[in-house]
1. Looking at the structure I just gave you, is residue 97 exposed (fewer than 15 other Cβ atoms within 10 Å of the Cβ), modelled with pLDDT under 95 and either assigned by TED's automatic domain parsing to the domain that holds residue 8 or closer than 18 Å to residue 202 by Cβ (or both)?
2. For the range 182-206, name all the residues that are over 19 Å from residue 85 (Cα atoms) and surrounded by 20 or more Cβ atoms within 10 Å (Cβ to Cβ).
3. Scanning for something farther than 13 Å from residue 11 by Cα, modelled with pLDDT of 95 or more and over 16 Å from the mean Cα position of the chain (by Cα), does the range 140-150 turn up at least one residue?
4. Could you pull out the residue among 130, 117 that is closer than 19 Å to residue 77 by Cβ and surrounded by 15 or more Cβ atoms within 10 Å (Cβ to Cβ)?
5. Pick from 159, 165: which is touching a residue at least 24 places away in the same chain (Cβ under 8 Å) and surrounded by fewer than 17 Cβ atoms within 10 Å (Cβ to Cβ)?
6. Looking only at helices (runs of 4 or more DSSP H) that fall completely inside the range 53-160, which ones have 2 or more residues that are under 23 Å from residue 23 (Cβ atoms) and touching a strand residue (DSSP E or B) at 6+ places or on another chain (Cβ under 6 Å)?
7. Report, by residue number, each residue of the range 20-44 that is farther than 18 Å from residue 85 by Cα and not in a helix (DSSP H, G or I).
8. Looking at the range 1-19, which of the residues that are surrounded by fewer than 19 Cβ atoms within 10 Å (Cβ to Cβ) and assigned to a helix (DSSP H, G or I) is modelled with the lowest pLDDT?
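The values are calculated or read from the model by the stated rules, or taken from the named source; none is laboratory data. This is a predicted model, so every value here is computed, not measured. Note: ideal-geometry Cβ built from the backbone for every residue, glycine included; neighbour counts use all protein chains shown.
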């Protein structure tokens, strides 16, 4: 039996990626930076720093200026995380807790944003550890976020199960030698072929632990 389940947030706990894509599109339009919809889909699961490193690879000063401008823009752009909430999550967390399965979060998103999502949907108390990709030099697909999480839980990778949706999130977990359950995305056509398991609902996690 698995001892812990580690959850990604965006695309798993909340279906937020379309809203994030719309927010980014508004910002790119505002600053006059041409970014196609197809290119935007490459950013699913990544954080703002990695996004601007991709968009502005050879000008560190400009990249940092754009990153700070985007963070300020993002802070003024209100999102309803209750509306985006995956309704399967609460009963799944309750059942996992009843089985004494430990739970953690490992998300590429900003820590402040992660807390907003968990608190808005009243599920923060289920998670003993909350980890953000901004805590590391490199976020997903770098495996460090998952290596750190398992180390902090004092568990072996084989004792844990990761729940992801994005290609880069799945890659990060697999590179950390963790089994991954990929939650099918209904917003994007995501390559989830590297996942250990494919699931349609978080309720199926109960069958995998």
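1. Details: exposed (fewer than 15 other Cβ atoms within 10 Å of the Cβ): yes; modelled with pLDDT under 95: no; either assigned by TED's automatic domain parsing to the domain that holds residue 8 or closer than 18 Å to residue 202 by Cβ (or both): yes.
For residue 97, the condition - exposed (fewer than 15 other Cβ atoms within 10 Å of the Cβ), modelled with pLDDT under 95 and either assigned by TED's automatic domain parsing to the domain that holds residue 8 or closer than 18 Å to residue 202 by Cβ (or both) - is not met.
2. Scanning the range 182-206 gives 190, 192, 195.
3. There is at least one residue in the range 140-150 that is farther than 13 Å from residue 11 by Cα, modelled with pLDDT of 95 or more and over 16 Å from the mean Cα position of the chain (by Cα).
4. On the way: 130 fails: closer than 19 Å to residue 77 by Cβ.
So the residue among 130, 117 that is closer than 19 Å to residue 77 by Cβ and surrounded by 15 or more Cβ atoms within 10 Å (Cβ to Cβ) is 117.
5. None of the other options fit; the residue is 159.
6. Once the helices (runs of 4 or more DSSP H) in the range 53-160 are filtered for at least 2 residues that are under 23 Å from residue 23 (Cβ atoms) and touching a strand residue (DSSP E or B) at 6+ places or on another chain (Cβ under 6 Å), what remains is 111-120.
7. 32, 33, 34, 35, 36, 42, 43
8. Only one residue fits best here, namely 18.
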